[in-house]
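Asks: Sharing a structure with you now.
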Amino acid sequence: MAAVPDESIARPVLLYDGTCGFCAESVQFVLRHDRRGLLRFAALDSAYGRGVLDRHPELRGFDSVLFVEPALNGGLEKVAAHSSAALRVAEYLGGRWGLFRVARVIPSPIRDAVYRLVARHRHRLSAHGPQCLVPSAQDRARFLA
């Protein structure tokens, strides 16, 4: 975990592969189910995404979903990857999606193996093929450059 330079956001950010149709559909799913409307989004290759990857060299080459919780009150930025990122999204969404937190009883190497299997084939799982995510006017402010 790394301390974050002065960032203007104090809300979690979901980083995603901006060239992946499955990832774009997943972001749309999260947008539809985000009752609080606080989660922000950024592509991994955006300035924000590159900044996170620079602060966390252990994630270099990462090309899937990351859940970033900003540093608060002098704390450290937290970044969840692989299945832990997906579970953080489910917990954030709450309601029936929060029930997925029971998957934490499965050892992370097993969860991550399943996650990596899906991630490896994610470009083929999109109903619409590769696509660029174009947020609606009302959602545009939630996307970081």
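The values are calculated or read from the model by the stated rules, or taken from the named source; none is laboratory data. None of these values were measured; they are calculated from a predicted model. In this analysis, Cβ positions are derived from the backbone assuming ideal geometry, glycine residues included, and neighbour counts consider all displayed protein chains.
Asks: Could you list, in sequence order, the residues of the stretch 10-38 that are closer than 21 Å to LEU93 by Cβ and touching a strand residue (DSSP E or B) at 6+ places or on another chain (Cβ under 6 Å)?
Replies: ARG11, PRO12, VAL13, LEU14, LEU15, CYS23, VAL27
Asks: Here are some residues: SER46, SER64. Which one is hydroxyl-bearing (Ser, Thr, Tyr) and over 19 Å from VAL114 (Cα atoms)?
Replies: Testing whether each residue is hydroxyl-bearing (Ser, Thr, Tyr) and over 19 Å from VAL114 (Cα atoms) leaves just SER46.
Asks: Quick one: in the stretch 130-145, of everything that is modelled with pLDDT under 85 and surrounded by 10 or more Cβ atoms within 10 Å (Cβ to Cβ), which residue is nearest to the chain's Cα centre (by Cα)?
Replies: LEU133
Asks: Here's another thing I want to ask about it. For the stretch 28-49, name all the residues that are assigned to a loop (DSSP other than H, G, I, E, B) and either aromatic (Phe, Trp, Tyr) or within 27 Å of ARG96 (Cβ to Cβ) (or both).
Replies: Passing the criteria: ASP34, ARG35, ARG36, GLY37, LEU38, LEU39.
Asks: Going by the structure shown, is SER83 among the hydroxyl-bearing types (Ser, Thr, Tyr), in a helix (DSSP H, G or I), crowded, with 19+ Cβ neighbours inside 10 Å and touching an Asp or Glu at 6+ places or on another chain (Cβ under 7 Å)?
Replies: Here the answer is yes, as SER83 does meet what is asked.
Asks: Can you list residue pairs whose Cβ atoms sit under 9 Å apart, with the first residue in the stretch 60-72 being in contact (Cβ under 8 Å) with a residue 60 or more places away in the chain and over 14 Å from HIS82 (Cβ atoms) and the second being in a loop (DSSP other than H, G, I, E, B) and not hydrophobic (A, V, I, L, M, F, W, C)? Count only pairs 6 or more apart in sequence or on different chains.
Replies: PRO70/GLU7; PRO70/ARG11; PRO70/PRO12; PRO70/GLU77; ALA71/GLU7; ALA71/GLU77
Asks: Out of the residues in the stretch 1-27 meeting the condition of being part of a helix (DSSP H, G or I) and surrounded by fewer than 21 Cβ atoms within 10 Å (Cβ to Cβ), tell me which one is modelled with the lowest pLDDT.
Replies: The extreme case among them is GLY21.
Asks: Condition test on ARG88, is it of a type in the set (Lys, Arg), within 14 Å of the chain's Cα centre (by Cα) and not in a loop (DSSP other than H, G, I, E, B)?
Replies: yes
Asks: State whether the residues of the stretch 60-80 include one that is on the phi < 0 side of the Ramachandran plot, in contact with a strand residue (DSSP E or B) (Cβ under 9 Å, 6 or more places away or on another chain) and among the hydroxyl-bearing types (Ser, Thr, Tyr).
Replies: Yes; the residues of the stretch 60-80 include at least one that is on the phi < 0 side of the Ramachandran plot, in contact with a strand residue (DSSP E or B) (Cβ under 9 Å, 6 or more places away or on another chain) and among the hydroxyl-bearing types (Ser, Thr, Tyr).
Asks: Within the stretch 55-73, restricting attention to residues that are aliphatic (A, V, I, L, M), assigned to a loop (DSSP other than H, G, I, E, B) and surrounded by 13 or more Cβ atoms within 10 Å (Cβ to Cβ), which residue is modelled with the lowest pLDDT?
Replies: ALA71
Asks: Also: Would you mind telling me which numbered condition in (1) touching a Ser or Thr at 6+ places or on another chain (Cβ under 9 Å); (2) assigned to a helix (DSSP H, G or I) VAL52 fails?
Replies: (1)
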